[in-house]
Amino acid sequence: MSISFHCESCKKRIKAPDESGGKWGNCPYCNHRCYIPRPPAADDEELKLAPIDESDETRYGRLMQETRSLTQDILQEKKLQDEPSADSNMSKDEVLKQIIVYLRYVADGDLGLASGSMNKITANRETAREVLKNMAAAEEPEPELMDIPPKVLNGLINNLYLKLK
């Protein structure tokens, strides 16, 4: 007697000897590596399968659609929070002050406090980039930043500029 099964890839019917059950072999038609099932034992019970309950499938589909909808709502909220706030009309001097505060916090290692300034700077992205260009081109740093080594300050300015791209 032989084992009869279908190739997982090409779906053609294949026959294999009983002793090859539980092993792997290649399909003679498409050369796909197939698992050869074991022949059914005499004492094996027949597995009774139930038909798919359409109401369960409908409910599952509805729940998945609701999940997708909620996910989109959450993502939309996140996008709205990331948009510039009402602070986005700050003058160049106000943006300069926020940049100085940010650079001071970062240089001092107060990254938690720096993030608050970063939000205000990000809301005024274009103005901040212009101010940073001027700071990088200046011969002397702002008085509040004089104690920061020039190379470190330059690195901080460049890093902030790149974050605003």
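Within the bounds of region 124-140, is there any residue that is within 18 Å of S91 (Cα to Cα) and touching a Ser or Thr at 6+ places or on another chain (Cβ under 7 Å)?
yes
Pick from region 145-165 the residues that are closer than 20 Å to V95 by Cβ and in contact (Cβ under 8 Å) with a residue 40 or more places away in the chain: which of them is surrounded by the fewest Cβ atoms within 10 Å (Cβ to Cβ)?
Of everything passing the filter in region 145-165, K163 is surrounded by the fewest Cβ atoms within 10 Å (Cβ to Cβ).
Could you grab me the full set of residues in region 22-60 that are exposed (fewer than 10 other Cβ atoms within 10 Å of the Cβ) and under 24 Å from K11 (Cβ atoms)?
If the condition is that a residue be exposed (fewer than 10 other Cβ atoms within 10 Å of the Cβ) and under 24 Å from K11 (Cβ atoms), then W24, E46, L47, L49, P51, I52 are the ones that fit.
Which of the residues belonging to region 112-127 are basic (K, R) and out of contact with any helix residue (DSSP H, G or I) (no Cβ under 8 Å at 6 or more places or on another chain)?
Within region 112-127, R125 is the sole residue that qualifies.
Quick note: the coordinates plus some simple rules give every number you see, no bench work behind them. None of the values given here were measured: they were computed from a predicted structure. Because the Cβ atoms are built from the backbone with ideal geometry, glycine has one as well, and the counts that use them run over all protein chains shown.
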